[in-house]
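In what follows, a structure is listed as structure tokens, so that the remarks can point back to it.
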Amino acid sequence: MRNAKEQALQNVEHVAEGVAAETLPEGKLFEIAQSIGDKRLEELNVADTTCGYCAVGCRFDLYSDGEEVLAARPTAEEDAPVNGISTCVKGKFGYDFVNSDDRLTTPLVRDENGEFRTASWSEALDRVAEGLGAIKDDHGGEALSVIASSKATNEENYLMGKFARQVLGTNSVDNCNRLCHSSTVAGLAQTYGYGAASISTEDLELADCILLTGSNTTEAHPVLATRIKQNVRDGADLLVFDPREIQIAEYATQYSRVQPGYDAVWINGITRYIIDNDLYDESFVAERTSGFEDLAESLQEFTPERVEEVTGVPHEEIVSAAETIADADRCVFGWTLGLTEHSHGTENVLAMANLAAVTGNLGKPGAGVSPFRGQNNVQGGGGDMGPLPDNFPGYQDIADDEVRAKFEDAWDCEISPDYGHYTTQMFLAADRGDLRGMYIIGENSALSEPGVNHAEEVLEELEFLVVQDLFVTETAEYADVVLPACSFVEKTGTFTNTDRTVQMVKEVMEPKGDSRPDWEILQALANRMGWDWDYDSTAEIMREVNSLTPLYGGVTHERVESEGGLQWPCWDEDHPGTERLYEEEFNTDDGLAHLQGVGFSEPAETPDDEFPFTLTTGRVLYQYHTGTMTHREEGIMQYTPSDFVEINPRTAAEYGIETGDMVRVESRRGSVTVPAQVTDRVGPESVFAPIHFAESAINRLTDEEHLDPQAATPEFKVSAVRIAPADADSGMPTGDTGTSTGDD
Ligand SMILES: Nc1nc2c(c(=O)[nH]1)N[C@H]1C(S)=C(S)[C@@H](COP(=O)(O)OP(=O)(O)OC[C@H]3O[C@@H](n4cnc5c(=O)[nH]c(N)nc54)[C@H](O)[C@@H]3O)O[C@H]1N2
Ligand SMILES: Nc1nc2c(c(=O)[nH]1)N[C@H]1C(S)=C(S)[C@@H](COP(=O)(O)OP(=O)(O)OC[C@H]3O[C@@H](n4cnc5c(=O)[nH]c(N)nc54)[C@H](O)[C@@H]3O)O[C@H]1N2
Ligand code: SF4
Ligand SMILES: [Mo]
């Protein structure tokens with residue numbers, strides 16, 4: 001037993017170090033290997049915990065000497081249901097940020113000259129209570145909003161929602177899910193009832209066919225990619241639809257390049273072909289769905305030829321993908337932001353939900369829908385815990401009188417039945433003067449919102465802004481008060497991963513300096529503002545969640561700890577949790593999946609003579625979002641020191657651009673300058689740029705008003721742009737063209 005574990009340990013370290021060898025400076029690897037060895041075991045803290053980067057939910061043991069995190073090593077395999085013994089490079093090595101010299105260790109307030117100075121907790125909390133309190137008194141709670149943090153625990157996010165409604169009196173509380181998968185949540189909830197993955201991660205290995213679209217799985221969800229590749233090696237089919245020939249496409253049975261922004265069209269095309277050729281699952285459709293006839297009717301226009309014309313996918317590929325899916329006994333449909341971050345993301349997801357249902361691929365092993373969620377705790381903290389303008393915890397509608405009465409009673413306050421603003425709408429509401437103060441927790445909106453030239457103006461003009469983060473982020477630069485929070489290695493609670501598994505997060509070292517866990521800050525602030533919160537641990541907060549949230553009725557810390565993870569719905573103490581959704585029925589009024597056709601849709605902004613290319617944006621493996629965590633890792637920075645723009649060789653030749661040349665990318669909103677990477681990963685009509693650096697803030701190019709009408713998700717995946725070598729004349733039309741950043 002010991003030998004097996006030791007062997008496994010060596011294997012995983014070998015693999016992770018292979019990756020690290022490419023990314024870490026010389027000496028660093030040695031340092032990591034030595035870091036545990038040099039200490040006496042009894043001097044070290046060890047905690048079995050859950051990764052704080054992405055929503056895969058890898059588990060491992062973290063080692064700390066109390067000063068810094070020394071290493072991450074595999075935990076007992078049975079306690080790591082998703083990753084077993086593997087992790088990616090971020091989970092294994094990405095901890096320099098925790099102990100970084102520029103961590104916020106005390107609160108900051110503005111002095112008379114408008115500069116930040118350090119302050120005591122007492123002074124800072126007083127300032128916040130006064131600042132938010134004054135706006136509430138003069139304009140009502142609706143003039144305030146909270147952005148909650150999907151980096152933080154479930155328990156903390158529950159309190160963020162409660163704080164907004166009870167203490168501030170506003171329903172305008174939302175989080176990064178709005179920039180990400182909220183269209184998935186809207187689309188799946190409408191069709192099946194729950195806005196979440198129906199499968200467990202192991203289904204990725206049980207499927208005989210996997211359709212992946214809009215997911216750069218190897219870079220954004222590396223550990224899931226490994227499991228998918230394993231299954232493909234064992235014979236499963238893999239279909240990849242993406243505008244970029246990303247690494248996972250190398251493993252695919254079929255890779256089809258799609259024009260960004262037309263996903264509902266090719267998905268509809270596949271569904272039409274399956275129905276028209278009687279390849280659908282007749283008994284599943286008859287027994288478990290409604291709306292089939294109308295759906296079939298609505299699909300008639302999506303012939304393979306029409307799909308080819310619109311999306312660029314050859315009609316034979318639509319047919320072959322349809323046949324592969326229909327032939328499979330068990331198919332998983334996996335997607336990420338390529339499907340959701342559009343002005344019609346919800347329609348894309350509805351189209352996908354129709355396809356999964358007509359092929360009967362739900363509620364059985366190896367089959368189902370799997371939106372790979374983003375932030376470590378966006379499923380739980382960003383959704384389940386209800387820091388949302390329209391829902392209480394557990395997706396209970398705030399407009400429902402009975403539900404609202406339950407929360408009014410529990411929280412001893414009145415709550416308006418009117419939905420608050422979604423994150424993206426908060427910034428538009430502030431423009432109209434409807435929103436005057438914001439409390440932003442663990443979100444770097446100044447870089448991550450669409451149209452950041454606009455977001456910056458809003459942050460500048462707010463009457464009062466509080467930012468609670470680990471660092472003085474680009475967003476914190478606009479704050480009146482900055483409160484120092486601590487990271488997931490410095491606190492205890494739970495995260496919920498992409499397959500609805502709730503897992504423990506444990507403190508392995510004390511909060512740095514005077515930083516505090518988010519829940520303690522919220523409690524201190526609520527009490528400053530006249531309430532009487534008295535939680536002594538996150539376990540106690542979770543008990544309150546259990547009592548108010550049926551989906552989490554039985555999810556106590558004790559059980560999560562002893563059972564090594566629990567999947568919701570888990571209705572009560574005796575309920576075992578739910579591996580797969582919809583085995584018997586859907587979570588709708590009549591128990592059926594509600595199929596609904598979606599017609600033709602296209603991006604809000606399409607290329608034209610002036611802006612001839614489609615820019616799509618996204619991530620790279622070694623960086624994480626706005627870089628607050630990964631830019632502090634020296635090895636990672638050597639490997640990916642800046643953003644870049646991928647340009648097809650044909651296009652590059654036309655413009656005389658070579659790899660490494662500085663290129664100006666311009667949209668109607670602004671311009672950025674980044675080095676070129678000439679590659680046929682992208683097609684000739686589109687360009688791609690990652691989102692990780694303030695110097696080249698890509699969201700200067702995106703549009704804050706191109707939002708999905710149902711989910712308010714921005715169209716991060718499509719902007720019309722033009723490109724030019726950076727030393728060429730701008731050629732920008734006159735007028736307000738936004739800020740140019742970069743070194744042009
Ligand atoms: N290394 C790393 N991992 C991360 C993160 C990170 O910052 N760094 N962030 C986490 C978060 S919060 C999230 S939400 C996930 C995101 O995970 P992904 O969504 O996989 O990440 P993106 O890089 O945004 O990739 C989107 C994919 O969609 C494709 N795409 C672009 N436009 C379209 C389109 O119109 N249609 C289709 N079908 N595809 C399109 C792109 O080519 C790309 O392959 O990653 C998580 N994991
Ligand atoms: N163009 C374009 N823009 C995008 C996207 C895209 O694909 N294209 N993707 C969008 C998506 S999917 C997402 S999720 C967003 C991500 O955007 P953000 O969420 O704004 O990005 P992060 O850099 O992850 O910011 C998280 C912040 O939380 C802090 N933090 C970490 N842990 C804690 C904690 O425990 N407590 C507190 N209080 N703070 C903490 C970090 O220091 C960091 O400043 O970006 C969106 N923006
Ligand atoms: S795949 Fe995600 S959860 Fe797993 S180690 Fe990497 S960043 Fe962490
Ligand atoms: Mo995300």
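The values are calculated or read from the model by the stated rules, or taken from the named source; none is laboratory data. Everything quoted here is computed from the prediction, not taken from an experiment. Cβ placement follows ideal geometry from the backbone for every residue including glycine, while neighbour counts extend to all protein chains displayed.
State all residues of region 371-401 that are within 16 Å of ligand 3 (Cβ to nearest atom), part of a strand (DSSP E or B) and closer than 17 Å to Asn587 by Cβ; if no residue qualifies, say none. The one that is within 16 Å of ligand 3 (Cβ to nearest atom), part of a strand (DSSP E or B) and closer than 17 Å to Asn587 by Cβ: Pro371.
Here region 106-135 is the region considered, the condition is being free of Cβ contacts under 8 Å to residues at least 24 places away in the same chain and in a helix (DSSP H, G or I), and the residue that is surrounded by the fewest Cβ atoms within 10 Å (Cβ to Cβ) is Ser122. When Ala148 is tested against the conditions (1) in contact (Cβ under 8 Å) with a residue 24 or more places away in the chain; (2) more than 15 Å from ligand 2 (Cβ to nearest atom); (3) of a type in the set (A, V, I, L, M), the lone failure is (2).
How many of the residues in region 467-488 are among the β-branched types (Val, Ile, Thr) and surrounded by fewer than 24 Cβ atoms within 10 Å (Cβ to Cβ)? Residues that pass the stated criteria total 1. Looking across region 158-181, the residues that are more than 10 Å from ligand 2 (Cβ to nearest atom), buried (at least 24 other Cβ atoms within 10 Å of the Cβ) and not basic (Lys, Arg) come down to Tyr158, Leu159, Gly161, Phe163, Ala164, Val167, Leu168, Thr170, Asn171, Ser172, Val173, Asp174. Looking at region 459-482, is at least one residue without any contact (Cβ under 8 Å) to a residue 24 or more places away in the chain, away from ligand 2 (no atom under 13 Å from the Cβ), of a type in the set (D, E, K, R) and over 16 Å from Glu155 (Cβ atoms)? The answer is yes, given that some residue of region 459-482 is without any contact (Cβ under 8 Å) to a residue 24 or more places away in the chain, away from ligand 2 (no atom under 13 Å from the Cβ), of a type in the set (D, E, K, R) and over 16 Å from Glu155 (Cβ atoms).
Could you tell me whether Asp208 is in contact with a helix residue (DSSP H, G or I) (Cβ under 6 Å, 6 or more places away or on another chain), surrounded by fewer than 22 Cβ atoms within 10 Å (Cβ to Cβ) and farther than 18 Å from Val313 by Cα?
In short, no.
Checking each residue in region 299-349 for being among the charged types (D, E, K, R) and in a helix (DSSP H, G or I) picks out Glu305, Arg306, Glu308, Glu309, Glu316, Glu317, Glu323, Asp327, Glu347.
Residue-wise test of (1) within 20 Å of the chain's Cα centre (by Cα); (2) free of Cβ contacts under 8 Å to residues at least 40 places away in the same chain; (3) within 27 Å of Asp237 (Cα to Cα).
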{"site": "Asp138", "(1), (2), (3)": "no, yes, no"}
{"site": "Asn177", "(1), (2), (3)": "yes, no, no"}
{"site": "Ala196", "(1), (2), (3)": "yes, no, yes"}
{"site": "Leu212", "(1), (2), (3)": "yes, no, yes"}
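Examine region 349-372 for a residue that is over 16 Å from Ala711 (Cα atoms), touching a His at 6+ places or on another chain (Cβ under 7 Å) and near ligand 1 (Cβ under 10 Å from one of its atoms), and state whether such a residue exists. Yes: region 349-372 contains one or more residues that are over 16 Å from Ala711 (Cα atoms), touching a His at 6+ places or on another chain (Cβ under 7 Å) and near ligand 1 (Cβ under 10 Å from one of its atoms).
If you go through region 143-161 and keep only what is in contact with a Gly (Cβ under 9 Å, 6 or more places away or on another chain), part of a helix (DSSP H, G or I) and either more than 16 Å from ligand 1 (Cβ to nearest atom) or not polar (S, T, N, Q) (or both), you end up with Ala143, Asn154, Glu155, Glu156, Tyr158, Met160, Gly161.
Residue check: Thr218 meets all listed conditions (1) more than 21 Å from Val319 (Cα to Cα); (2) within 16 Å of ligand 4 (Cβ to nearest atom); (3) not charged (D, E, K, R) but one, namely (2). Considering Asp514, Asp532, Asp574, Asp499, the condition of being crowded, with 20+ Cβ neighbours inside 10 Å and assigned to a loop (DSSP other than H, G, I, E, B) is satisfied by Asp499 alone.
From the list Leu70, Leu41, Leu24, exactly one residue is crowded, with 21+ Cβ neighbours inside 10 Å, more than 15 Å from ligand 3 (Cβ to nearest atom), modelled with pLDDT under 90 and over 30 Å from Pro371 (Cβ atoms). Which is it? So that I can check it myself, show each step before the final result.
On the way: Leu70 fails: modelled with pLDDT under 90; Leu41 fails: crowded, with 21+ Cβ neighbours inside 10 Å.
Criteria check complete, one pass: Leu24.
Applying the condition of being near ligand 3 (Cβ under 8 Å from one of its atoms) and of a type outside the set (Ser, Thr, Tyr) to region 44-67 and asking which residue is farthest from His221 (Cα to Cα) yields Phe60. Within the bounds of region 616-623, is there any residue that is within 16 Å of ligand 4 (Cβ to nearest atom) and in contact with a Leu (Cβ under 6 Å, 6 or more places away or on another chain)? Within region 616-623, not a single residue is within 16 Å of ligand 4 (Cβ to nearest atom) and in contact with a Leu (Cβ under 6 Å, 6 or more places away or on another chain).
Within region 44-56, if we keep just the residues that are of a type in the set (Val, Ile, Thr) and buried (at least 19 other Cβ atoms within 10 Å of the Cβ), the residue that is nearest to ligand 4 (Cβ to nearest atom) turns out to be Val56. Among the residues of region 44-72, those that are within 16 Å of ligand 2 (Cβ to nearest atom) and either over 19 Å from Thr201 (Cβ atoms) or among the aromatic types (Phe, Trp, Tyr) (or both) comprise Ala47, Tyr53, Leu62, Val69.
For region 591-644, the candidate set comprises residues that are touching a His at 6+ places or on another chain (Cβ under 9 Å), among the small types (Gly, Ala, Ser) and surrounded by fewer than 21 Cβ atoms within 10 Å (Cβ to Cβ); within that set, the residue that is nearest to Phe688 (Cα to Cα) is Ser642. Among the residues of region 428-460, those identified as touching a strand residue (DSSP E or B) at 6+ places or on another chain (Cβ under 7 Å) and within 19 Å of Leu470 (Cβ to Cβ) are Met438, Tyr439, Ile440, Ile441, Gly442, Glu443, Ser445, Leu459. Of all residues in region 297-311, those satisfying the criterion of being of a type in the set (S, T, N, Q) and surrounded by fewer than 17 Cβ atoms within 10 Å (Cβ to Cβ) are Gln300, Thr303.
Looking at region 557-585, which of its residues are farther than 16 Å from Arg500 by Cβ and under 26 Å from the mean Cα position of the chain (by Cα)? Once the filter is applied, which keeps residues that are farther than 16 Å from Arg500 by Cβ and under 26 Å from the mean Cα position of the chain (by Cα), region 557-585 yields His557, Glu561. If you go through region 247-285 and keep only what is over 19 Å from Asp329 (Cβ atoms) and assigned to a loop (DSSP other than H, G, I, E, B), you end up with Ala252, Arg257, Val258, Gln259, Pro260, Gly261, Tyr262. Among the residues of region 356-377, what is the count of those that are over 17 Å from Leu224 (Cα atoms) and surrounded by 24 or more Cβ atoms within 10 Å (Cβ to Cβ)? Number of matching residues: 6. In region 645-660, is there at least one residue being in contact (Cβ under 8 Å) with a residue 40 or more places away in the chain, assigned by TED's automatic domain parsing to the domain that holds Val620, on the phi > 0 side of the Ramachandran plot and more than 16 Å from ligand 2 (Cβ to nearest atom)? Yes, the conditions are met somewhere in region 645-660. Scanning for something within 25 Å of Tyr63 (Cβ to Cβ) and part of a helix (DSSP H, G or I), does region 543-554 turn up at least one residue? Scanning region 543-554 turns up no residue that is within 25 Å of Tyr63 (Cβ to Cβ) and part of a helix (DSSP H, G or I). Taking the stated definitions as given, is Glu561 outside the structural domain of Arg436 (by TED's automatic domain parsing) and assigned to a helix (DSSP H, G or I)? Yes.
Quick check on this structure: which one of Pro690, Pro641 is within 24 Å of Leu470 (Cβ to Cβ), without any contact (Cβ under 8 Å) to a residue 24 or more places away in the chain and out of contact with any Leu (no Cβ under 8 Å at 6 or more places or on another chain)?
Details: Pro690 fails: without any contact (Cβ under 8 Å) to a residue 24 or more places away in the chain.
Testing whether each residue is within 24 Å of Leu470 (Cβ to Cβ), without any contact (Cβ under 8 Å) to a residue 24 or more places away in the chain and out of contact with any Leu (no Cβ under 8 Å at 6 or more places or on another chain) leaves just Pro641.
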